[in-house]
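Trainee: Here it is, the structure, as structure tokens.
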Amino acid sequence: MSTIIKRIALCAPLLLAAWVAVMAAVMRFSDAAPAAVVMLPSQGFIAALPPDAAILSQNAVSLTLKSDTPGFAARLYRAGALLVLPAGLTGCLPLPGALANKG
């Protein structure tokens, strides 16, 4: 294996971990995202959700939630979430209809 491929193979997981950490920090310390993705929710997590949380989608590895109340990520962590990432942040692509803020 060449040196460049070895460096890429070593740096790619670190870059991914750093990206996830930055996204988790954005979600934890700001209310910029219109929705939240909870990764690997536990069995009892849905029962412990804040009352204002709306479930947008659910699958085996994630749960997408929305709330208009400030401090949503902190409340999700208190409910037992292990990792909360932002969903629906505006960027180069338009928001899907379910995540769009309707004002």
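Trainee: If you build a Gaussian network model of the chain, linking Cα atoms that sit under 10 Å apart, which residue out of Ala12, Ala81, Ala25 swings the most?
Mentor: Of Ala12, Ala81, Ala25, the most mobile in the Gaussian network model is Ala12.
Trainee: How much area per residue is accessible in region 1-82 when the probe is 1.4 Å and only protein heavy atoms are counted (Å²)?
Mentor: Here the per-residue accessible area is 65 Å².
Trainee: Can you tell me the order of 51-59, 38-46, 71-79 when each peptide is scored by its average per-residue count of other Cβ atoms within 10 angstrom, highest first?
Mentor: My ranking of the peptides, most packed first, is 71-79, 38-46, 51-59.
Trainee: Now for a different question. Report, to the nearest whole %, how much of the accessible area of the chain belongs to carbon and sulfur atoms, 1.4 Å probe, protein only.
Mentor: In the chain, the share of accessible area belonging to carbon and sulfur is 68 percent.
Trainee: Could you work out the percent of alpha carbon pairs in the chain separated by over 18 Å, rounded to a whole number?
Mentor: Counting every Cα pair in the chain, those more than 18 Å apart make up 52 percent.
Trainee: Once you have the Cα-Cα distance between Ile4 and Asp68, take 0.36 nm times their residue separation minus that, and quote the gain in nm to one decimal.
Mentor: Residue separation times 0.36 nm, minus the Cα-Cα distance, leaves 18.4 nm.
Trainee: Mind listing the long-range amide H neighbours of Leu83? Cut-off is under 5 Å, sequence gap 5 or more, other chains count too, H placed in the peptide plane at 1.01 Å from N.
Mentor: Here Met39 satisfy the definition.
Trainee: Any idea how far apart Ala21 and Ala48 come out in nm if each label point goes 7 Å out from Cα toward Cβ?
Mentor: 2.5 nm
Trainee: Relative contact order for region 1-91 using alpha-carbon pairs under 8 Å, separation at least 6, rounded to a whole percent?
Mentor: 37 percent
The values are calculated or read from the model by the stated rules, or taken from the named source; none is laboratory data. It should be emphasised that the depicted structure is a prediction, and the values quoted were computed from it without experimental measurement. Please note: Cβ atoms are built from the backbone with ideal geometry, for glycine as well, and neighbour counts cover all protein chains shown. Keep in mind that these areas ignore ligands, DNA and RNA; they rest on the heavy atoms of the full protein, side chains included. Shrake-Rupley method; radii C 1.70, N 1.55, O 1.52, S 1.80 Å.
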